[in-house]
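The next block holds one structure in the form of structure tokens; read it before the comments.
No lab work stands behind these numbers, since they all come straight from the coordinates. Quick caveat: nothing in here was measured; it's all calculated off a predicted structure. Cβ sites come from the backbone with ideal geometry, for glycine too, and all protein chains shown count toward neighbours.
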Amino acid sequence: MSTLEINVGDLRARSVEFTATELVVTLADGRKIVTPLDWYPRLKSASADARQNYEIMPMGIHWPDIDEDLSIAGMLKGQQAK
């Protein structure tokens with residue numbers, strides 16, 4: 001039996017943006033992950049200033065003002081915040 005290996009590329013975030021209804025994360029290699037803002041209640045209810053105060057971590061994004069952490073892998077899997 002063989003194992004299928006998938007090269008997912010560079011999963012580091014480069015930037016974070018918000019639309020009225022979506023979270024848009026641009027990865028280091030240029031791909032974009034777009035997820036509904038409804039999936040992340042803390043981000044949805046946060047002020048614009050709190051949303052813009054984020055830290056790009058090796059495996060995801062951290063918003064210190066609202067104590068929210070999202071992993072890139074989780075976003076790709078379609079996992080909503082709990």
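Measuring r between the beta carbons of Trp39 and Asp67 and using R0 = 22 Å, the FRET efficiency lands at 0.85. Mean separation of Cα pairs under 8 Å and 6 or more residues apart, divided by the residue count, gives the stretch 13-77 a relative contact order of 23 percent.
Quote to one decimal, in nm, the extra length available between Glu55 and Glu22 on full extension: 0.36 nm per residue of separation minus the C-alpha distance between them.
Values: separation 33, 0.36 × 33 = 11.88 nm, distance 1.85 nm.
That pair, Glu55 and Glu22, stretches by 10.0 nm at full extension.
About the Cα centre of the chain, how large is the charge dipole given +1 on each Lys and Arg Cβ and -1 on each Asp and Glu Cβ? Please answer in debye to the nearest 20.
The dipole magnitude comes to about 180 debye.
In the calculated pair-distance distribution of the chain, the portion above 18 angstrom amounts to 40 percent of the Cα-Cα pairs. Can you work out the FRET efficiency for the pair Asp10 and Gln80, with r the C-beta to C-beta distance and R0 = 30 Å, to the nearest 0.05? Taking R0 as 30 Å, the efficiency between Asp10 and Gln80 is 0.80.
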